[in-house]
1. Residue check, Leu85 against (1) assigned to a helix (DSSP H, G or I); (2) crowded, with 16+ Cβ neighbours inside 10 Å, all met but one. Which one?
2. What's the total number of residues in region 56-97 that are touching a Leu at 6+ places or on another chain (Cβ under 8 Å) and more than 11 Å from Ile3 (Cα to Cα)?
3. Of the numbered conditions (1) assigned to a helix (DSSP H, G or I); (2) surrounded by fewer than 14 Cβ atoms within 10 Å (Cβ to Cβ); (3) modelled with pLDDT under 90, Asp19 fails exactly one; give the number of that condition.
4. Take the residues of region 23-49 that are farther than 30 Å from Leu10 by Cα and exposed (fewer than 11 other Cβ atoms within 10 Å of the Cβ): which is modelled with the highest pLDDT?
5. For region 50-63, indicate whether the set of residues that are surrounded by 14 or more Cβ atoms within 10 Å (Cβ to Cβ), β-branched (Val, Ile, Thr), part of a helix (DSSP H, G or I) and modelled with pLDDT of 85 or more is non-empty.
Amino acid sequence: MRIFLICLALGVCSGIVYDMLYIARFIIGGRPAVKIKKREIISCAVCDIIYAAVLSALFVAASVLFCFPDVRLYMLAAVILGALLYIKSFHIMVAFFLNRLYNIVSRIAKRGKKGSPGAK
């Protein structure tokens with residue numbers, strides 16, 4: 001049971017890493033347009049490779065730290081379940097607060113442009 005819960009926590013951590021990489025992919029690649037650009041494909045592929053490498057490193061580190069036996073199917077299922085739990089619960093809260101933060105920052109930026117000396 002202990003190993004299952006550790007793998008579940010790894011899945012939640014992988015969701016957090018995925019969110020950070022999603023933001024980086026959005027910044028680098030831009031918004032997806034009707035026609036997909038080469039930059040978007042490359043940024044998506046690089047972020048996916050980084051995600052897989054980080055998740056693998058986390059799993060190997062946890063297996064060494066907590067002395068896991070051989071890799072078993074329930075461990076992989078727990079990691080996937082943890083990632084799904086993150087996406088269905090905590091991700092929604094993080095997205096909500098990031099959206100609120102974006103709206104506040106954009107309002108402040110608009111006020112700053114109106115009050116600048118060169119603004120008409």
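The values are calculated or read from the model by the stated rules, or taken from the named source; none is laboratory data. From a predicted model like this one, the values you see are computed outputs, not experimental measurements. With ideal geometry, Cβ positions are generated from the backbone for all residues, glycine too; neighbour counts draw on all protein chains shown.
1. The failed condition is (2).
2. Of all residues in region 56-97, those touching a Leu at 6+ places or on another chain (Cβ under 8 Å) come to 58-59, 62, 78-79, 81-82, 85.
From what is left, the residues that are more than 11 Å from Ile3 (Cα to Cα) are 58-59, 81-82, 85.
Number satisfying all stated conditions: 5.
3. Among (1) assigned to a helix (DSSP H, G or I); (2) surrounded by fewer than 14 Cβ atoms within 10 Å (Cβ to Cβ); (3) modelled with pLDDT under 90, Asp19 violates only (2).
4. Pass one, region 23-49, residues farther than 30 Å from Leu10 by Cα: 33-39.
Among the residues that remain, those that are also exposed (fewer than 11 other Cβ atoms within 10 Å of the Cβ) are: 33-35, 38.
Working: Ala33: 56, Val34: 57, Lys35: 65, Lys38: 81.
By that ranking, first place goes to Lys38.
5. Start the filter on region 50-63 by keeping residues that are surrounded by 14 or more Cβ atoms within 10 Å (Cβ to Cβ), which leaves 50-51, 54-55, 58-59, 62-63.
Those left that are additionally β-branched (Val, Ile, Thr): 50, 54.
So of that shortlist, the ones also part of a helix (DSSP H, G or I) come out as 50, 54.
Still in the running and modelled with pLDDT of 85 or more: 50, 54.
Yes, region 50-63 has at least one match.
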